[in-house]
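The values are calculated or read from the model by the stated rules, or taken from the named source; none is laboratory data. Quick caveat: nothing in here was measured; it's all calculated off a predicted structure. Quick reminder, even Gly has a Cβ in these numbers, built from the backbone with ideal geometry, and neighbours come from all protein chains shown.
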Amino acid sequence: MIGVIADDLTGAAELGAVGLRHGLRAEIVMRGEPSSQAELVCVDTDSRSCSADEAGKRAAAAARRLHAAGARWIYKKVDSVLRGQVTAEVEAVMLQLKLERALLLPANPSLGRTIRDGQYFVRGKLIHKTEFARDPEYPRRSSQVLRLLKVPQQFSIRVVNGEHSMPGQTIVVGEAGTSQDVSAWAEMSGAGILPAGGSEFFNALLDREKPLVAGSLETSLLPATGRELFVCGTSTTSSREFVAVARRRKQPVLTLPMELMWGAEFTPAAVAAVTQRAVNAFEGFSRVILAIGLPTVRDVEVAKRLSRNLVQIAENVLARISVERVFAEGGATAAELVRRMGWSRLAVERELAPGVATLSVKGDQSILLTIKPGTYAWPEKWT
């Protein structure tokens, strides 16, 4: 069994789907112990928004559980643009597993996310000049990789380019401008080194063990029958475009009341009213979209509250009416929905596109949950 430690649900699902691509039975564990049936176990520590100390404790505990369950090796999944408590979690896992080196490769060149000359680029632009600069919780205000990361407490950290050196007591951040660079770094990983980073690095590591079979990427859509509920909990460019297309096609889009931005209470009556509108919309349409639908919020706590408000409506709708497929956008939104629904273990069923994974609830095959990070686009066949 291979173990993955992710700080949010979308990251866990993304790597679970990469494992599925390589023919591995993959599961996501929110609570409890890994099962004995899975070949790839992705633990979601839900620590993206935690303090550094708490995030480190959760990551170390996950490493301990995976090691005790017999993981042959463990991968630390981090956000590809280094949001969250990246160094604290990597360091905690290194200490738990008694490792002196970590190879951190967050870049995903196939998605236009690259690191060169010590700087982070997104589709050719310095990251602090993209929409990541407006992230409410972790705004990227610099493109210098070492400024995007906190200094570790017990290890040194350095950005390394072509020489591929791995000094001891060090977290090495590997530069990568192409997928070939990622594969070259994968050849450097081995015993005594904690591999950490994004999905492309994990894919390269799996490719060394179990090369990808041509045509094994599942991109077909789910059956076209049944109700679909989209829960769009971010205000990214891709989310706004998705909602705009839905409105042009006259699909039902329900948004939150404007006064919630200003701290107003989302009263039970208001929740019930929006819930009823969503339930009524399903009488004439198979797809209903719940979206925040408000201007971009800079305040972190307000943004989190709006996401919770949206999930509250989704939970009420799912309690009122049978919905076969749920689509959640954004790691915090997806995790909040899973928590509210009481789902502790999820099986990875399909990868619809890189970063977009369909999951089934263990013990309940009636609902399929598809999730993706907020900055990724939904597959074009749906939009």
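When the criteria are applied in full, Ile367 fails the requirement of being under 23 Å from Val279 (Cα atoms), of a type outside the set (Ser, Thr, Tyr) and touching a helix residue (DSSP H, G or I) at 6+ places or on another chain (Cβ under 7 Å).
Glu54 passes every criterion in (1) modelled with pLDDT of 95 or more; (2) surrounded by 24 or more Cβ atoms within 10 Å (Cβ to Cβ) apart from (2). Examine region 60-79 for a residue that is in contact with a Phe, Trp or Tyr (Cβ under 9 Å, 6 or more places away or on another chain), aliphatic (A, V, I, L, M) and crowded, with 23+ Cβ neighbours inside 10 Å, and state whether such a residue exists. No, region 60-79 has no match at all. Taking region 291-308 as the range and being modelled with pLDDT of 90 or more and surrounded by fewer than 19 Cβ atoms within 10 Å (Cβ to Cβ) as the test, only Arg308 passes. Of the residues making up region 258-300, those that are over 18 Å from Ile321 (Cα atoms) and over 27 Å from the mean Cα position of the chain (by Cα) are Met258, Glu259, Trp262, Gly263, Ala264, Glu265, Phe266, Thr267, Pro268, Ala269, Ala270. Out of Ser366, Ser344, one residue alone is surrounded by fewer than 19 Cβ atoms within 10 Å (Cβ to Cβ), of a type in the set (Gly, Ala, Ser), in the same structural domain as Gly233 (by TED's automatic domain parsing) and within 23 Å of the chain's Cα centre (by Cα). It is Ser344. If you filter region 95-113 down to residues that are within 19 Å of Phe202 (Cα to Cα) and either small (Gly, Ala, Ser) or more than 18 Å from the chain's Cα centre (by Cα) (or both), you find that the one that is surrounded by the fewest Cβ atoms within 10 Å (Cβ to Cβ) is Gly112.
For region 143-163, a residue qualifies if it is of a type in the set (Gly, Ala, Ser), surrounded by 12 or more Cβ atoms within 10 Å (Cβ to Cβ) and over 17 Å from Ser80 (Cβ atoms), and exactly one does: Ser156. Within the option set Phe155, Phe132, Phe121, being aromatic (Phe, Trp, Tyr), in the same structural domain as Asp53 (by TED's automatic domain parsing), more than 22 Å from the chain's Cα centre (by Cα) and at negative phi holds for one residue only, Phe155.
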